[in-house]
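Here is the structure we will look at.
The values are calculated or read from the model by the stated rules, or taken from the named source; none is laboratory data. Just so we're clear, the structure is a prediction, and the values are computed from it rather than from any experiment. Counting neighbours? That spans all protein chains shown, and the Cβs are built from the backbone with ideal geometry, glycine included. Heads up: the accessible areas ignore ligands, DNA and RNA and are worked out on the full protein's heavy atoms, side chains in. Shrake-Rupley method; radii C 1.70, N 1.55, O 1.52, S 1.80 Å.
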Amino acid sequence: MFNLFSGPKQHIRRAVVLLEEAHMARLEHQAAAEHHSALAKMYAERAKRLEREIQQTQMVAAPPGSISDVVIEQPALYALNGKRTKNTALPN
């Protein structure tokens, strides 16, 4: 249907607003991507550090039932499925 109140000027104004919104959304997503990239790098470095610590602990001959066995057998504080487990104290 023909509308007398919306012409080329209103269309251009709306297109300009949409363009600005698109630029802002791109900037927000770019910032979020940089943040997630930094987190991924941090967690990769953490995983490498923890793997080294575990290997070093396993290289040291520890008697069965020692503290290193108890620590390794405990469930993770943060699980991949999003459920947290309670961190219990180590036995004496």
*So which of K86, K9 is surrounded by fewer than 10 Cβ atoms within 10 Å (Cβ to Cβ), under 29 Å from the mean Cα position of the chain (by Cα) and at pLDDT below 90?*
K86
*With the condition kept exactly as written, say whether any residue in segment 13-20 is open to solvent by 100 Å² or more (accessible area, probe 1.4 Å), at pLDDT 95 or above and not polar (S, T, N, Q).*
yes
